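Q: Next up is a structure, given as structure tokens.
Derivation of every value follows stated rules applied to the coordinates shown; laboratory data play no part. Predicted model only: the values in this text are computed from it and were never measured. Positions of Cβ are generated from backbone atoms using ideal geometry, with glycine treated the same way; all protein chains shown enter the neighbour counts.
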Amino acid sequence: MLEFLEQTLQPRFNFWIYVILMMIGLWAIIAKNNLIKKLIGLSLFQTAIILFYVSLGVKEDATIPIIEKPPAAKQSETYNNSSKEAQNNRTPKEATPDEKKRGMLSEGEKTAKKIYPKVDPDTIANPLPHVLMLTAIVVGVATLGVALALAQVIFREFGTLEEDEVLKVIKEGGVDE
């Protein structure tokens, strides 16, 4: 049992918390009859998923994925103003697929390799999960706002937010005005 705790629960403790939050939210959506309680369960479920995805993008001792422009002194060494392409005011020629297969680089690719250093992907945090979850948060807030507005309309129309009472009124033939 101790081995299970050390190997399974402890290293990924945050994931277990997210699963528990997700299950509480799912339970609230399924088991509760009050529409507001269902919306709270939906928000809990969504929050657990967002936290899960954000935690997937985290790496220990990782840096941000921004490659800074080299200092001006290095740029002057990198860009050779006496080259043919600079004199003709043209962009560097792209390498053909055959040249790429053989490892031959065009002038533009050589320049890019001089300007931007090689980056180890293990030392850089992945920003994609974070960016996607920002979008999910915006969509979730909008969805919650629409759902609360619908709950307000349902309360005005039926006088209750209990799902079974609303369904009973609908089955009986509607609301008397």
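Q: Calculate, for Ile24 and Asn126, the FRET efficiency according to 1/(1 + (r/R0)^6) with r their C-beta to C-beta distance and R0 45 Å; round to the nearest 0.05. All intermediate terms of the calculation are to be shown ahead of the outcome.
A: Details: r = 28 Å, r/R0 = 0.63.
The formula returns an efficiency of 0.95 here.
Q: Report ³J(HN,Hα) in whole Hz for each residue of the range 50-59, in order, from the Karplus equation J = 6.51 cos²θ - 1.76 cosθ + 1.60 where θ = phi - 60°; Gly and Pro get x.
A: 5, 4, 4, 5, 5, 5, 5, x, 8, 10
Q: Once the Cβ-Cβ distance between Leu148 and Leu56 is put in as r, and R0 is 35 Å, what FRET efficiency do you end up with, to the nearest 0.05?
A: That pair, Leu148 with Leu56, gives E of 0.75.
Q: Would you calculate the separation in nanometres between label points at Phe13 and Arg156, each defined as 7 Å from the Cα along the Cα-to-beta-carbon direction?
A: 4.9
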